[in-house]
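S.K.: Can you keep this structure in mind? I'll have questions shortly.
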Amino acid sequence: MEKKPLVVVNGLVRKDAIAYLKEHVDVRQWTEKTVMPREVLKEWLIDADGLWCVRPLDVDGDLVKNASNLKVIAQAAVGYDNVNIDELTAAGIPYGNTPGVLNETVAELAFTLIATASRRIIENANFVKDGRWAQRPSNIKGFDLSRRTLGIIGMGAIGVSISRRARAFGMTVVYHNRNQRLDDKIHKTTYMELDDLLAISDVVCVMAPLTDETYHMCDEAFFKKMKNTALFVNVGRGPIVDTKALINALKTDEIDYAALDVTDPEPLPADHPLLDVENCLIVPHIGSYTDRTRLDMSILTADNIIAGVHKRPLKTCVNEEVNYKKPQMDVEFALEELKKAGVDLTDFD
Ligand code: DGY
């Protein structure tokens, strides 16, 4: 029997996705609850055809330098800030991410944070739960979203999905992006320079990827440029924000409130100073975390890996220049072969 390709999975992923993967390849999985030691992973990769990578893991040239059979790496995430794409491209290894399938889900979470924070839902609900309904202080008021301005930083497909929700709530949407989009008229959005956006926005929502340019973009100067009454939301990546500067801005009323899906570090240790900040709502990086979307992301990851180990094109490849190409069909050759095989071609147009 022909040997199946071998795929290494360096951590825990959904069981249904592993079962699907196993229909096509052999799987060697790290099933301990501890993070797989990097040196052990490197050993395992020597014989592997594919890697399903699970964070925390830095994927780079060093990780794959002895993995001479490795044909594909994929991860169930749209962001790939833990992956050195240039070094994988140099090694000729295509990398698959999961764009598209999570857009609406992440936008729902972003808007849920905006709505929850604007009406101080958590604080108000806690008074009721604690049996202190009547003692609720009058300063936990919240603010309207309608007739307010949302400033989105990083206007890709998810940013556009957030803007649709904001407009349904009666908000004006402005955005800052590397490039101005060509479809502003369709989405009723307005491009702005970053400083102008910070000066006018009542809600600032970061949805940018983490890159050298966006690392610590939200620093002391950034928060000073925001309105004192503004809500700051981060659904992009934790290290885009200088956490010390955020804590300071919240404690000194430079800004009013923050709602975060992502933090730096992740997970936050129990004694982290951000946890003592009252006007800050934090959820544990659950942007894409619904059952249906996590399944879609896992199946897309498995499909990318199954394609890659067979040297077929990955469905969603970040470094297209090393993605596998569809085999070109030589029609003349195919017709000759069919004739040789005795197929009567007169029945075909
Ligand atoms: C991603 O896909 O990059 C998200 O952060 C996962 O929730």
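Every residue, every condition in (1) within 16 Å of the ligand (Cβ to nearest atom); (2) under 26 Å from the mean Cα position of the chain (by Cα); (3) under 20 Å from Arg294 (Cβ atoms); (4) among the small types (Gly, Ala, Ser), yes or no:
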residue: Ile73; (1), (2), (3), (4): yes, yes, yes, no
residue: Ala77; (1), (2), (3), (4): yes, yes, yes, yes
residue: Thr89; (1), (2), (3), (4): no, yes, no, no
residue: Glu123; (1), (2), (3), (4): no, no, no, no
residue: Pro137; (1), (2), (3), (4): no, no, no, no
residue: Leu150; (1), (2), (3), (4): no, yes, no, no
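S.K.: Can you work out which of the residues in region 11-42 that are free of Cβ contacts under 8 Å to residues at least 40 places away in the same chain and either buried (at least 17 other Cβ atoms within 10 Å of the Cβ) or not assigned by TED's automatic domain parsing to the domain that holds Leu57 (or both) is nearest to Pro267 (Cα to Cα)?
M.R.: Met36
S.K.: Would a scan of region 270-281 turn up a residue that is assigned to a strand (DSSP E or B) and either modelled with pLDDT of 95 or more or not assigned by TED's automatic domain parsing to the domain that holds Gly79 (or both)?
M.R.: Among the residues of region 270-281, at least one is assigned to a strand (DSSP E or B) and either modelled with pLDDT of 95 or more or not assigned by TED's automatic domain parsing to the domain that holds Gly79 (or both), which makes the answer yes.
S.K.: Do we find that Lys340 is out of contact with any Gly (no Cβ under 9 Å at 6 or more places or on another chain), in contact (Cβ under 8 Å) with a residue 60 or more places away in the chain and over 23 Å from Gly11 (Cα atoms) in this structure? Break it down into steps so the answer makes sense when it comes.
M.R.: Working: out of contact with any Gly (no Cβ under 9 Å at 6 or more places or on another chain): yes; in contact (Cβ under 8 Å) with a residue 60 or more places away in the chain: no; over 23 Å from Gly11 (Cα atoms): yes.
In short, no.
S.K.: So, one more: For region 252-267, enumerate the residues that are among the charged types (D, E, K, R) and within 15 Å of the ligand (Cβ to nearest atom). So that I can check it myself, show each step before the final result.
M.R.: Narrowing region 252-267 to residues among the charged types (D, E, K, R): 253-254, 256, 261, 264, 266.
Result: Asp261, Asp264, Glu266.
S.K.: Additional query: How about region 268-306: which of its residues are within 22 Å of Pro239 (Cβ to Cβ), surrounded by fewer than 17 Cβ atoms within 10 Å (Cβ to Cβ) and within 14 Å of the ligand (Cβ to nearest atom)?
M.R.: Pro284, Ile286, Tyr289, listed by residue number.
S.K.: Return yes when Gly142 is more than 16 Å from the ligand (Cβ to nearest atom) and either outside the structural domain of Leu300 (by TED's automatic domain parsing) or within 30 Å of Gln75 (Cα to Cα) (or both) and no when it is not.
M.R.: Spelling it out, Gly142 is indeed more than 16 Å from the ligand (Cβ to nearest atom) and either outside the structural domain of Leu300 (by TED's automatic domain parsing) or within 30 Å of Gln75 (Cα to Cα) (or both).
S.K.: Which ones in region 308-336 are aromatic (Phe, Trp, Tyr) and within 26 Å of Lys4 (Cα to Cα)?
M.R.: Scanning region 308-336 gives a single hit, Tyr324.
S.K.: Are there any pairs with C-beta distances below 6 angstrom linking a residue in region 136-159 that is without any contact (Cβ under 8 Å) to a residue 24 or more places away in the chain to a residue that is in a loop (DSSP other than H, G, I, E, B) and of a type in the set (Ser, Thr, Tyr), with the two at least 6 apart or on different chains, and if so which?
M.R.: If the second residue must be in a loop (DSSP other than H, G, I, E, B) and of a type in the set (Ser, Thr, Tyr), no pairs are left.
S.K.: Does Val235 count as β-branched (Val, Ile, Thr), within 15 Å of the ligand (Cβ to nearest atom) and in the same structural domain as Gly151 (by TED's automatic domain parsing)?
M.R.: yes
S.K.: Identify the residue in region 227-267 that is assigned to a loop (DSSP other than H, G, I, E, B), of a type in the set (Ser, Thr, Tyr) and over 16 Å from the mean Cα position of the chain (by Cα) and, among all such residues, is surrounded by the fewest Cβ atoms within 10 Å (Cβ to Cβ).
M.R.: Thr252
The values are calculated or read from the model by the stated rules, or taken from the named source; none is laboratory data. Predicted model, so just to flag it, every value in this text is computed and none were measured. For neighbour counting, all protein chains shown are included, and Cβ atoms are generated from backbone atoms with ideal geometry for every residue, glycine included.
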